[in-house]
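Just so it is clear, none of the values below were taken in a lab; they were calculated from the coordinates. It should be emphasised that the depicted structure is a prediction, and the values quoted were computed from it without experimental measurement. Backbone-built Cβ (ideal geometry, glycine too); neighbour counts: all protein chains shown.
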Amino acid sequence: MCAQVLVAEDDPKQAELIRRYLEHDNHAVTVVHDGRSAIDEVRRRRPDLAVLDIMMPKIDGLDVCRVVRAESEVPIVLLTARTTEDDVLLGFDLGADDYITKPYSPRQLAARVRAILRRSGTGARREAHAIVVGELVIDEQRHEVTLAGNALDCTPVEFRLLAALAAEPGRVFSRGQLLSQALGMDRFVTERTVDVHIMNLRRKLEPDPRKPVRLLTVYGVGYKLQDGAADATTA
C-alpha cells in the first residue's frame, strides 16, 4: 500500500521518526511544522491522509482538523498528549478518523495509518498504478510525477525512462535496455539520446544535478535510480 501522507508535527525529531516509519511502508511523506503550513499543504497537495499534532504553533491541530474537514474528506489522525475523554470526543467531533495519545509507538501509528487507508480504499487505488521510490511518486495511470509532493513536468520519454528505472530501484540498466523500454529502439535514435534525457531528468530530480543522489551513473554499465536518502557512492 502506498499513499501520499502529510505529517504536521512541530517537534523535528518526532516528525522525522514518523516520516521514517511511514516511508518504510512505501508512503510518500511530506512534513510541516505548524498548523498554517498544514492547511496550505492539504489544499495544495491533496494528500491521502493527514497526521496532525494538536499542539502546534500558529494554528493548533484541532483548528487545522476543523478547517480541513470543512473542505475535504481526507482521513485525519490526531496526535496529542491530552488524554481526557472530553479531549478525545472533541477530536472525533471535529472530524478526526483516529486519535493517538502520547507517548505512543511509531509502529502503532504506522499500523493505524495502514488500517485507515485500507478502510478508505485510497491507498489500494493508488498502489495499483503508482510507483514509489522514497519521496518520488510516479503515477502511471495519471501520467504524473511528484517529488516530495511537488509536481514535476516530464516529457513522455522522460516519464517512460523514469518509470522503467523506478520499477526496479537499485537495478542497473544499460543504455540499450533503457532505449528499448522508453524509445522503442527507433533506428534513428542512438544510445547517446538516453544520456541527454538522463541529464534533463537530473535537472528536475536532483538538488544539485552535478552531484546526483537519486539518478546515478554506474560507469561502464548504465544508470540506476535509488532513494535520494541513500549514499550516492557510485554517482
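Quick notes on this one:
- Multiplying the residue separation of residue 210 and residue 69 by 0.36 nm and subtracting their alpha-carbon distance yields 46.4 nm.
- Value in Å of the Kirkwood radius, where segment 4-127 supplies the Cα pairs that are averaged: 14.1
- A simple spin-label model places the labels of residue 101 and residue 20 2.7 nm from each other, with each point 7 Å out along Cα-to-Cβ.
- With the simple model of a label 7 Å out from the Cα in the direction of the Cβ, residue 195 to residue 139 spans 3.5 nm.
- Kirkwood-based Rg to Rh ratio, the chain, C-alpha trace: 1.05
- Under 12 Å of direct C-alpha separation, and excluding same-chain neighbours fewer than eight residues apart, residue 224 reaches these aspartates and glutamates: 168.
- The order of the peptides 219-227, 73-81 by mean Cβ neighbours within 10 Å, most packed first, is 73-81, 219-227.
- Fully extending the segment from residue 167 to residue 55, taken as 0.36 nm per residue of separation minus the present Cα-Cα distance, adds 36.4 nm.
- Ranked by the mean number of other Cβ atoms within 10 Å per residue, highest first, peptides 134-142, 192-200, 59-67 order as 59-67, 134-142, 192-200.
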